[in-house]
Structure formats: C-alpha cells, structure tokens
Amino acid sequence: MSATAEKTAYVGSPVKRREDRTLLTGRGTYVDNMTPVGTLSMVVVRSPFAHARVTSISLDAARASEGVVAAFSAADLQDDWKAAMPCAWPVTEDMKNPPHYPLTDVARYQGDGVAVVLAETRAQAKDAAELVEIDWEPLDAVVDVGKALEDGSSLAQPELGTNECYVWRLDTDATGQAIDDADVVVTRRYYQPRLIPNAIEPRAVLAVPGPAAEVTLYAATQIPHILRLLVAATLGMSETKLRVVAPDVGGGFGSKLDVYAEDLLAVALARRLGRPVKWTEERSENYVATIHGRDFVTEYTLAATKDGTITHCRARVTAAMGAYLQLVTPGIPLLGAWVYAGPYAIPNYSVEFTGVFTNTTPTDAYRGAGRPEATYVIERTMDALADELGMDRVELRRKNFITEFPATIGSGLTIDSGDYVASLDKLLEHLDLDSLRAEQTKRRENGDSRQLGVGFSTYNEMCGLAPSRILGAIRYAAGGWEQATIRYLPTGSVQVITGTSPHGQGHETSWAQIVADQLGCDIDAVEVLHGDTSVSHAGLDTYGSRSLPVGGVALCYAADKVIDKARQIVAHQLEVSADDLEYAGGTFTVKGSPDKEMTVAAAAWAAFAAHDLPDGMEPGLEATATYDPPNFSWPGGAHAAVVEVDTETGDARLVRYVAIDDVGTVVNPLIVDGQVHGGITQGISTALYEEGTYDENGSLLTANLVTYLVPSAAELPSYELDRTESKSPTNPLGVKGVGETGTIAAAPAVINAVLDAVSHLGVKDIQMPATPERVWRAIQEAKA
Ligand code: MCN
C-alpha cells in the first residue's frame, strides 16, 4: 500500500490547469508549427471511389511539376513495408484481417491512399497531386452495415468471400431459465450511426531523419510509445533508431490512438529521401482518412418477472469495421461486451458480436468505444421494459441496481465498488422531478406546441484497460501496465516522467498534484515530462480513461520508493533506526523526539552529494515504478436530460442536463468537471446532431463541418454537475477514470427525454440523431 502522505493539500483541490496559459495564449507547439530546414511537404492522392481498381497510374506529370522532389505509387513502395499495417486485437482465432498497406492499387473506401507526392512547399505538392493520372475500374461497393451479411451482397474485400470479419460470443446461464419463459420479454432493434471525430487539431506528422539512420517522428498522436513500436516493426527498423515525440496535441478522442498510413509513409520517405517529411491533414481529409466511430446495429432484449426483477439480457450486435482493420478496430465493440447489463444485477447474460466489412472508412476507438453503444441500448430498453410492465422508469432502475460490492456480474467480471442508489438519489434531489412532471402534464393538457420530456440514464463503465488475462476469453496485444519515474533533484525540484500521453486531459497539473502531496513539496517544484520516447522510455500512453487509474497510480508507487530510499538516508544521517522515523508531508521526524527531523528535499541533496550515505547505497534520489492494475476501473452514475420538443417542427432543444458521476477520489475537480462537460457534449451531440452518412455507392455525404453537425455552445444549456464518491479499493488513491463517462451516459438520457416528450402522441422510437425531420415524421406516423 502506498505511504500516502497525510497532508493532502493538492489532491481534491481545484488547481488551475498549468497547461492553459501556454495553450490559451497561442504559444503551444503543434506538429504543424515545426518546419526544419529542408522539409518536404507530403500530399496523399486518395481514391474518390469507395471500391475501385487502379488500372493505370502515371506520375510523370506530377514528378515534372514545379518543386516536386518525388512521387510514388503503391507499387513503388511495396518493398518498404516489412509487415502489413498493424491490428493489435485479434479477437478470435479465425478473425479475418485483410492485408492493409499504406498505399494500395485497389481502393476499398473513399479516401484510401493510392499515391504520394513530395514537394518543397505544400502548395506545390497539392498542385502536383492533381496531375497524377489514374484510370479507375469502379467495383461494386457495400455500405450498409445492416445489409452487408445478406445473401448476394457486394463484398468489401472480395478475396475473403464474405463480409464477415468475426463472430464473438459470451453466454452465461446462471439460472437455467430460458429467456422466452420469462414473464415479460422486451426486444428492441437500434441503429447507432457512424460518428466522425473532429479534434481541433487534425492529424499531423513530421519525420526528421538523422545522420545515423535514425528518425525522429513528431506526431499528433495519443500513443507515442505504441506508435514507435509499431512503426519500427512495420518498417523493419530497430526501435532504438526511432524516437517519437507527441508535442502539444489538440485533442484526439480516440482518433489519434492509431497507426495510420501517413505515419508510415512519412518515416519511410524521410529515410529514403534523407529529408524531413511533413504531412498535415486537411479538415476534408479528416472526414475520410481518420477513423470513424460506432455504426452498430443492435438487437437488445431484457426479460423480467412481473414485479420488474430483470432476469436476462441479450445483445446481438452487428458492428461495422469499415474496409480494413485499424489498430484496435475489431476490439472496439468488445470493449462493451462485459457491460451489457449496465449497473443492474442481471444473472443471465448473452452477447454476440459480428464484425462486418463495408467499403467505408475504418472504424476504431471513439470516445467511450463500445461502452456508449452498450449503455445506449440498455437504457433505451429499460424505458421500454418499464412501459411494458407499467412501472415507473426510475423505480425499475432502482429495483435492479447492483447494491453490494465487490460484485461479480453476469458477464463474469468483478466490479470493485460503486453506489448506484446514491447517484440516483442525488440526481433526483437536483432534478425536482415532481415539478417537471406537473409542468409536463400541464403542457399536455393545454396541447402546447412545446412539449416537455425527461429522460434518464443510469450507467456504469469499465475503463482503465486491465491486462487481457483477466478477461480470459479475449486477447489483446499489450497489457494494461503503466510506468512512472520520479527524480528528486538536489535543488529541491522534482521531475516526473510519465508513460501517459495527454492531449487535453491536464496530466501535467493532476500528476503534479499527486506527487506534491506524496512528497510534501510545493506543486510548482514538480515538473511533469511526457510524450517523448527519448525521455519517457516506457509507457502505454493515453486512451480508455486509463491515465489516472493506471498512470497516476504508478506515480504513487514511484513516490513510495523515493520515500523509502529517503527514509534510509535520513535514518543514517540522524543515526536512528529507519523504523523509528515517522513520515508526513515531506518530513521525517523521530518518534519521541519531534525536534529531530529531516526533509525529503534534504535527503535528495544528501543523495546527490553522496558524502555520507548508508554503505552500498547508490547516489541519487530517483525511482521508477510500473503498475499493472488487477482490475478495470468502474465509474458509474446517474444522468437526466430535460428537453422541449416543438411538435409542429420536430425541433428538440435541451433545456437542462443534470449529471451525477462517481469517479472515486477526485484529484482535480476543475479537470473532472471539464472532462464531464466535454463528454456530455459529445453524447448530446450523438443524440441530436451528428451522423456520418454515405450514398449507396460509398460516397461520404457528410464530408465537412457544414453537412456534419458539430454543435456550438449556443445549442447547449449549462450543465448541472455533482458527484458521489465510492473510492476504488484496488488502488491507493481510490480513483476511477472520468474521461468517457459523459459520452457513455448522455446519448440515451437525451433520446429517452425526446421520446418522453412525445410519448403521449404515441411515438415509441426515434433513431439517433433526433433531427427535427425524424422527430416530426415520428409524430406524423404515430398520428396516422
Ligand atoms: N481525473 C481526476 N480525478 C478522477 C479522474 C480523473 O482528477 N477521479 C483527471 C485526471 O487526473 C486527468 C483527467 O481527469 O487529468 C482524465 O483522466 P482519465 O479519466 O484517467 O482519462 P485519460 O487521461 O486517460 O484520458 C483519456 C480519455 C479518453 S479515453 C478520451 S476519448 C478523451 C478524454 O480522455 N479524449 C479527450 N478526454 C479528452 N479531453 C480532451 N480535452 N481531449 C480529448 O481528446
């Protein structure tokens, strides 16, 4: 257990983010700000077709164009790749993983790269790219995930002979009772649309070759360590010859948790040409060339006894992979596979996932990744079941909550802690449901055109990716560990080196809070270094709300080691036994002689000077710890949305949003609120605005910020946030992750509210996003 300092001045305090001064005053350093002398601009020539063969390609005109240094087709570079692009999550033994290379001569989705042009300037490279002459043979495309497995469907990867990528199942049958024998069985089918991540900073890479065949890759990435490993492996380079630096990164939301064609092209071409190579994605490229999220069809069933005790849950999920498997594409649906019972005690559990290929941009991790998809179908079906049973929707949830922890759930995992009842109670305190229902009744009776609706979503989440061994039936390439180093410098400042790689989450601030408390030093004395593989040698980076529950905890264990060594030094210098020392807030005192004391800072100086250390002790006060979590992190909570729906136009407006989250100990309440705000906004946006759509040929119809709606502050109310706190017993800080909670909870709360507003008109279902047209049509159909 950690020797957590008694003094906790910083953990729990709303310390302002130290990152913000630089970022908000425009002094951040992003990849595109860096242009070493001699940098070449790279432009990728992309397929306009969703499925087409290149029958001939001529780069002559492009190569002759002003400023162009080189241009390559897929065939020109084929020998540069020692392996295909990596997919690190083979979810089944027989999963199909079609060959995937940075450039291709058979495009499988609109935006698939077929050539690259490198020129002295970006404008020259873009002009030349337009001179690449290509003859295409268009092939039949499959686009609709719901139809891809139908007989006679076109094939995204004809060589496979099927669009099926894998089928993965998990069944438990705790009571032996068949689902259809239950008193009440409710089955609903949902489509969760394709979402397109829009980080403020698009992707960017800059590969700078060095004199000894080494390359430094600056990348707008969430995963510098994993990127180094996989780029080196794919190119057959020694890892020691590749340094990856993630400078300031302007958001990712999962989309920068990947190894992309451009990463590999930049490094390969920098080595080949001996010059720095830079590529910065344009917003329109972001829409086709960066991974998408969701695109799920789910049939979900809940079965219950007449009194509302839920006995079974069953999910049948068809999930779009897109045209190829990116880094963790096949595993994304499975990230939700263990939580299709939500926070409810449901003994019989059955899920089946079918991954299918379509001629669309590959899908992969997008905030929540698998868990929003699960929560959405559970929470929508909870409302449907309550209606079927004639029960209050809130009471059905309360009746079925897991109440005792640790709890081994139907899917087999163990939830370490939680208090779902407390979150719901607090939500109801904030909400004043009676007044809302009274207002709703009044508006219904008056036949107002603006009807009121209240929707609930009570949720839990498994985050902080634990080692795959605890899931048994599933394998992924890397474990869930994280590494941290703390270096107490002789002058009293402290250097922290973390394997996590923030891109908006404020680790520099919250890691400094944790370390300053542990070591009893001033927060300003702590410097946090990250995102450079030559500084932070080992780590597994940032995604899956893992950084605090894994990386932050590694810091605690590193601090323990520093304190242990300091204890030996202090005992030696004060000539007492180490057991006679008490530690608090950075100072050791001798039991019974409180005037005899020495600080960790003084021990750091002594460790550096090394004149008077215990026999055999190495100089320096520094320690590294690697923490491998024994379990996932299990946040949870209760959210409610209040909407007004204009029944004449179908316009749904959010008027209130109340969120109660339990993320264990809160390290920084300002950062946690910020994370919850951002997450909720993405969930609301899923419910009301965002939808990536293709035409039947696989041409993306929502290919820019005009046609793909990302909301602004003007569409959204201020959120009402509060918390409950059940500390995680699996780590010394008691923390759980928060980065995805809002996104997981929000979409079903909003749709449930929209449906509640128009349920008296007979409307039972509206597909996300609940656009005015969809809501209006649902009302007209119900009336008819
Ligand atoms: N935190 C805290 N107390 C807690 C939990 C978290 O103070 N009990 C703080 C942490 O110290 C950290 C932040 O909240 O500063 C987020 O911590 P954590 O939940 O561990 O999540 P990660 O840092 O691992 O971030 C990943 C998560 C994910 S998966 C996505 S997607 C996401 C997100 O974070 N993408 C983001 N938040 C984002 N925020 C921004 N600005 N940009 C993105 O791309």
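The values are calculated or read from the model by the stated rules, or taken from the named source; none is laboratory data. All values reported here derive from a predicted model rather than from experimental measurement. Every residue, glycine among them, receives a Cβ derived from its backbone with ideal geometry; neighbour counts consider all protein chains shown. Just so you know, the surface numbers come from the protein's heavy atoms only, side chains and all, with ligands and any DNA or RNA stripped out. Shrake-Rupley method; radii C 1.70, N 1.55, O 1.52, S 1.80 Å.
Of all residues in region 469-507, which are among the hydrophobic types (A, V, I, L, M, F, W, C) and modelled with pLDDT of 90 or more?
Result: TRP481, ALA484, ILE486, LEU489, VAL494, VAL496, ILE497.
Mind listing just one residue for me: the one in region 593-610 that is at pLDDT below 95 and surrounded by fewer than 15 Cβ atoms within 10 Å (Cβ to Cβ) and, of those, nearest to the chain's Cα centre (by Cα)?
PRO594
Can you pull out the residues in region 475-490 that are within 14 Å of the ligand (Cβ to nearest atom) and closer than 24 Å to ALA199 by Cβ?
Once the filter is applied, which keeps residues that are within 14 Å of the ligand (Cβ to nearest atom) and closer than 24 Å to ALA199 by Cβ, region 475-490 yields only GLU482.
Can you name every residue in region 493-535 that is small (Gly, Ala, Ser), open to solvent by 20 Å² or more (accessible area, probe 1.4 Å), in contact (Cβ under 8 Å) with a residue 60 or more places away in the chain and within 28 Å of ALA584 (Cβ to Cβ)? Give the steps one after another, and end with the answer.
So in region 493-535, the residues small (Gly, Ala, Ser) come out as 493, 499, 501, 504, 506, 510, 512, 516, 520, 525, 531, 534.
Checking the rest, the ones that are also open to solvent by 20 Å² or more (accessible area, probe 1.4 Å) come to 493, 504, 520, 525, 534.
Narrowing the set further to residues that are in contact (Cβ under 8 Å) with a residue 60 or more places away in the chain leaves 504, 520, 534.
Passing the criteria: only GLY520.
Test of understanding: among ASP662, ASP673, which residue is within 13 Å of the ligand (Cβ to nearest atom) and open to solvent by less than 10 Å² (accessible area, probe 1.4 Å)?
ASP662 is the lone residue from the list that is within 13 Å of the ligand (Cβ to nearest atom) and open to solvent by less than 10 Å² (accessible area, probe 1.4 Å).
Looking for whichever is under 26 Å from the mean Cα position of the chain (by Cα) and open to solvent by 10 Å² or more (accessible area, probe 1.4 Å) here; the options are LEU761, LEU705. Which one fits?
LEU705
Filter region 123-135 for residues that are crowded, with 20+ Cβ neighbours inside 10 Å and out of contact with any Gly (no Cβ under 9 Å at 6 or more places or on another chain) and give the result.
ALA129, VAL132
For the list (1) within 12 Å of the ligand (Cβ to nearest atom); (2) farther than 22 Å from ARG774 by Cα, I need the number of the one condition that GLN682 fails.
(2)
Hey, among VAL576, VAL570, which residue is assigned to a helix (DSSP H, G or I) and more than 16 Å from the ligand (Cβ to nearest atom)?
Among VAL576, VAL570, only VAL570 is assigned to a helix (DSSP H, G or I) and more than 16 Å from the ligand (Cβ to nearest atom).
Let's see how each residue does on (1) among the aliphatic types (A, V, I, L, M); (2) open to solvent by less than 10 Å² (accessible area, probe 1.4 Å):
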{"site": "MET237", "(1), (2)": "yes, no"}
{"site": "LEU242", "(1), (2)": "yes, yes"}
{"site": "GLY250", "(1), (2)": "no, no"}
{"site": "LYS256", "(1), (2)": "no, yes"}
{"site": "ALA261", "(1), (2)": "yes, no"}
{"site": "VAL267", "(1), (2)": "yes, yes"}
{"site": "ARG271", "(1), (2)": "no, no"}
{"site": "GLY274", "(1), (2)": "no, no"}
{"site": "THR280", "(1), (2)": "no, no"}
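Among the residues in region 61-70, are any surrounded by 22 or more Cβ atoms within 10 Å (Cβ to Cβ) and in the same structural domain as GLN110 (by TED's automatic domain parsing)?
Yes: one or more hits.
Considering each residue of region 6-54, count those that are more than 29 Å from the chain's Cα centre (by Cα), loosely packed, with under 13 Cβ neighbours inside 10 Å and of a type in the set (D, E, K, R), and give that number.
1
Examine region 355-364 for a residue that is over 29 Å from SER154 (Cα atoms), within 16 Å of the ligand (Cβ to nearest atom) and under 21 Å from the mean Cα position of the chain (by Cα), and state whether such a residue exists. Before you say what the answer is, go through the steps one by one.
So in region 355-364, the residues over 29 Å from SER154 (Cα atoms) come out as none.
No: zero hits.
Just for region 491-538: of the residues that are at positive phi and within 14 Å of the ligand (Cβ to nearest atom), which one is farthest from the chain's Cα centre (by Cα)?
Taking the candidates together, the pick is GLY531.
Kindly indicate the residue of region 414-469 that is within 30 Å of TRP89 (Cα to Cα) and assigned to a helix (DSSP H, G or I) and also farthest from the chain's Cα centre (by Cα) among those meeting that condition.
ARG469
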